[in-house]
Amino acid sequence: MHAVQRCLKYTVLFCCIFHTGSSRRSGKSGYRVGKGDLVLSHEKRLIKDLIDTYKEAGVTGRPVKNASEPILLKYGLGLVQILRLDEKNQVLTIRAWNRLLWIDYLLSWNASDYGGVEQVTVPAKDIWRPDLVLYNYADDRLSEFRDALCVVSSNGEVLWIPTSIFKSACSIDITNFPFDSQICHLKFGSWSYDGHKLDIAFYQDYPQISLADYLQSNEWDVLAHPAKKNVLYYPCCPTPFPDLTFTIVIKRQVAFYSYILILPCVLLSLLTMILFWLPPESPAKMQLGMNIFVAFFVLLLLLADSCPSGTATIPLIGAYYCLNMIVITLSTFLAVIVIHLYFRGPRTNRVPPWAKKMILVGLARVVRMTNYVPKESPPTYDPLKSSDPRIQKDIKKFRIQKMKYNKYQTNELTSTSEATCTCHLSTPASNSQNNHVKPPSKHLVKDLDQSPDMSPVHLYQSLESDVREIRRFIKTLIYKQKTQENLEKIRGEWRAIALVIDRAFFYLYTVSIVVSLATLFPRGT
């Protein structure tokens, strides 16, 4: 009885096993494992078989049948977004999609054995992956690729598309900032395998960075995105190491910097041009110059905050700021010198002849300021100093002799005085006969009464003393007037020199602004 029961039990078990095996081969039903109603699909059973195979073979080591056979890796880079270009640290940060394609014979199967399943996805950590790395990385993270499943085909083809954030070193050239264009390279290759073990090529034979999923940046425009394969020999190893170098050429958008750096720069430049039209002796010239200097210094600090400090070159706009600061400083020094010379007074020295010749003659003609130069007064014609013999003969013939008060002139003056006095002191009867003669004035009679002993000689001596005093006063007045005229002439010459130099600085500054702006601003692409 027990034997019959045992026989029936084994028969039922054999039938179940046979039925399960036939159903696996026919593909008409699932695969029952364990207890209960748990049934695995063909896809899940395939994934389990592939992972079990890899666990048995091991993840380490290239999945090739022959050790001398290389694995061909096809790699493609798709740019998604330019996150940041750090000019100070010279690091480019981008978000990208990676496309890696290779053949793994351990992941191949017969699709008819698994219900016609052609593709499955397996975890990337459970299979072998190529050690593709970014050579010029500038990141402190241990892994650059995000976790993603691998798509495996029945012929052993593995497609892995992980997303990643790359931080690569990029040499920054800020000469034309903010109108600059930067060229950054991303070099990918195997770190451990040489070209005989792992070869690398472009995905779908597309030697460029894919921009199909690119998100437009607010600061940068992508101008070009080529790629190139290189085969290099390093000093460590005699075997070649291939790599794929992707290049990104980006151009900065200047909309933001036009309002922050460019527009204030242009306005301050125009204000600096107005600075040269102020009179040099005006204190507002110095105050305006110092304020503009401080404004350019603030802009220079903003520029320094945006540029890398360890660069070998400086931006042209920074040189433009420094040029404006130098010109403003020189103009302020010139204004101080002019004010000092203008208010020096009698201590002012004459303008050196070389300065007159170079500045008041040559430079004034160049800057068209000859009307500001004081004219030399023409010498007055003195016939007494003429060298013509006929003029000298006429001078001797018609020379006016100077009045000399000798004794004859004194007697003549005395007789004339007496006659005058007699005439004035005549009687009223005689006055009645001559109605045209007036009586002497009371003041003259009073003076004569007070000084009855004063003779005509004394009167003449007093008159001569007064005349000499008047002549001395007139000479002193003429000397002071000529001295003042000479000082005003000297001041005028120094002021003319200052005006000419200031106008020359204006033209030099205008030329420098035009040249610098033509160099700084792009002419269009």
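Just so it is clear, none of the values below were taken in a lab; they were calculated from the coordinates. Please read these numbers as outputs of a predicted model, since none were measured by experiment. For neighbour counting, all protein chains shown are included, and Cβ atoms are generated from backbone atoms with ideal geometry for every residue, glycine included.
Worth a mention:
- Against the rule of thumb 2.2 N^0.38 Å, how large the Cα Rg of segment 49-253 comes out: 1.14
- The smallest convex shape that holds all Cα atoms of segment 145-225, its convex hull, gives 163 Å³ per residue.
- Cα centroid separation - segment 246-286 against segment 156-190, whole Å: 34 Å
- Cβ-based exposure ranking for ILE248, ILE51, in which fewest neighbours within 10 Å come first: ILE51, ILE248
- Chain lengthening between LEU508 and ARG146 when straightened (0.36 nm per residue, less Cα-Cα): 124.4 nm
- Solution diffusion estimate, µm²/s, Stokes-Einstein, segment 46-145, Kirkwood Rh from C-alpha pairs, 10 °C, viscosity 1.306 mPa s: 95 µm²/s
- Between LEU301 and LEU487, the FRET efficiency estimated from the beta carbon spacing at R0 = 51 angstrom works out to 0.60.
- Listed residue pairs exceeding 28 Å between alpha carbons, taken from LYS44/LYS125; LYS125/LYS167; LYS167/LYS229; LYS356/LYS475; LYS125/LYS197: LYS356/LYS475
- Fewest-first sequence of TYR257, TYR460 by Cβ atoms within 10 Å of each Cβ: TYR460, TYR257
- Panel order for TRP97, TRP277, TRP160, by other beta carbons found within 10 Å of each beta carbon, from fewest to most: TRP277, TRP97, TRP160.
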